[in-house]
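A.B. asks: The structure is given below, and queries will be raised subsequently.
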């Protein structure tokens, strides 16, 4: 089965490809000649993921899944949330986003956070959703060189390493995206075409 992953983020593609078996072939937007910025104008992870998946499915006719992920920090009333990628501006700079997050957390003792991923799958009748989330805390400063986004400052609950200090294999056993992806893959492996 061939599925489009509605993203141009090579880190996300690598995480997903690392998790799927030989029965699934994941193609990127680039491979389907979709080069425009996908619409992401909704105010929830579910709605943004569905908007992107349906846009690509309608444009290409190929079954497609899209994710919307974000970091929600308790002391910041859930920020950056759905604006995680654009927290410090429209250029989507991981470094600037992380710097702004740490700046906004200065002097705050509660550093509890949740990483959430929602995957929406289009092309199998009604849109299907697969969620994953992981609790953790925000480190005082970035640590590690693996991963992307807020990985250098997110310490998952029960661990002392940030996501960026873990190997891809370690992160892929516990991350929010890994949990949502596992549910997606289980659905696809059980899907009989009816």
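A.B. asks: Using Cα centres only, tell me the gap between the stretch 6-28 and the stretch 115-194 in whole Å.
C.D. replies: The two parts, judged by their Cα centres, are 13 Å apart.
A.B. asks: Please give the length that would be gained between residue 169 and residue 46 if that part of the chain were fully extended, namely 0.36 nm times their separation in residues minus their C-alpha to C-alpha distance (nm, one decimal). Walk me through the intermediate numbers first.
C.D. replies: On the way: separation 123, 0.36 × 123 = 44.28 nm, distance 2.64 nm.
So the chain would gain 41.6 nm between residue 169 and residue 46.
A.B. asks: Another question, then. At a threshold of 8 angstrom on Cα-Cα distance, excluding pairs fewer than six apart, so keeping six or more, what relative contact order does the chain reach in percent? Numbers along the way, then the final one.
C.D. replies: Details: 370 pairs, mean separation 34.7, N = 194.
Here the relative contact order equals 18 percent.
A.B. asks: Related question: Share of antiparallel DSSP beta bridges in the chain, in percent to the nearest 5? Don't jump to the answer; show the numbers that get you there.
C.D. replies: Details: 24 of 30 bridges.
If I count the DSSP bridges inside the chain, around 80 percent turn out antiparallel.
A.B. asks: In addition: What angle do you read, to the nearest 10 degrees and between 0 and 90, between the alpha-carbon axis of helix 45-60 and the longest principal axis of the chain?
C.D. replies: 30 degrees
A.B. asks: Can I ask one more? What length, rounded to one decimal in nm, is gained on full extension from residue 8 through to residue 112, with 0.36 nm per residue of separation minus their alpha-carbon distance? Let's see the in-between values first.
C.D. replies: On the way: separation 104, 0.36 × 104 = 37.44 nm, distance 2.97 nm.
Here the segment from residue 8 to residue 112 would lengthen by 34.5 nm.
A.B. asks: A follow-up question, please. What are the extents of the Cα atoms of the stretch 2-190 along their three principal axes, listed from largest to smallest and rounded to whole Å?
C.D. replies: 50, 31, 25
A.B. asks: When the helices in the chain are scored as -39500 (n - 2.57) per DSSP H run of 4 or longer and the sum is shared across all residues, what 222 nm value do you end up with, to the nearest 500 deg cm²/dmol?
C.D. replies: -9000 deg cm²/dmol
A.B. asks: Continuing with this model, one more query. Which residue, 159, 55, 87, has the most motion in a Gaussian network model of the chain that connects Cα atoms within less than 10 Å?
C.D. replies: 159
A.B. asks: Percent of Cα-Cα pairs per 5 Å bin, from 0 to the last occupied bin, for the stretch 112-194, please list those.
C.D. replies: 3, 15, 23, 21, 13, 10, 8, 5, 2, 0, 0
Only the coordinates and a few stated rules stand behind these numbers; no lab work does. All values reported here derive from a predicted model rather than from experimental measurement.
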